[in-house]
Amino acid sequence: MPVIHLVEGPVGAGKSTYAAKLGAQHAAPRLILDDWMATLFRADRPDKDVMVWYMERKRRCIEQIWNVACDLVDAGSDVVLELGLIRYQDRAEFYSRVDAAGYQLKVHVLDAPREVRRERVHERNAAQGSTFFMVVPDEIFELASDLWQAPDEVECMERDICLISTHSKNG
């Protein structure tokens, strides 16, 4: 049975790098929220009220990513999703959606100390390499880091969750 691989973690944890390796390992396409957001909406990003603007577009992208993921799974392919579900409630809603569809889910949660993640984000902003989708300013990094809710014991017991520490600088 095909598997949905959900890759989550705080900003700078190494999710995109890990998702690329996971996709290659399982011959699975990757659907990465940041890629969709940058491609579809970067040029339209306002100077003010960015979070309200962002959240609505994130919701719409996740809806379309879900539709594509369902098509892929129904066609017999594993799929790797990176959706930025940093709060437990967002993941719980996604889990309900997966359960209702009857799909198999494996959650890969990456994390590293904030200082390591901050340095990675600064380097990614400067290098703009293969995992770069948009500049992450310090204030957005801090806000997203503060909002991150790691899975607790109950979430880990209820779901197939693999916790991955990426303490080294390169993930």
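The values are calculated or read from the model by the stated rules, or taken from the named source; none is laboratory data. None of these values were measured; they are calculated from a predicted model. Glycine also receives a Cβ, built like all others from the backbone with ideal geometry; neighbour counts cover every protein chain displayed.
For the range 119-135, give me the residue count where each residue is hydrophobic (A, V, I, L, M, F, W, C) and modelled with pLDDT under 85.
Residues meeting the conditions: 4.
Pick out the one residue from Leu147, Leu143 that is surrounded by 11 or more Cβ atoms within 10 Å (Cβ to Cβ), among the hydrophobic types (A, V, I, L, M, F, W, C) and under 30 Å from Gln104 (Cα atoms).
Leu147
So in the range 1-51, with the set limited to residues that are outside any helix (DSSP H, G or I) and of a type in the set (Asp, Glu), which one is surrounded by the most Cβ atoms within 10 Å (Cβ to Cβ)?
Applying the filter and picking the extreme gives Glu8.
Could you pull out every one of the helices (runs of 4 or more DSSP H) wholly within the range 52-171 that has 2 or more residues that are within 18 Å of the chain's Cα centre (by Cα) and of a type in the set (S, T, N, Q)?
The helices (runs of 4 or more DSSP H) meeting that bar are 88-101.
Just to verify a result, which residue in the range 65-100, among those that are more than 15 Å from Pro29 (Cα to Cα) and touching a strand residue (DSSP E or B) at 6+ places or on another chain (Cβ under 9 Å), is surrounded by the most Cβ atoms within 10 Å (Cβ to Cβ)?
By that ranking, first place goes to Leu85.
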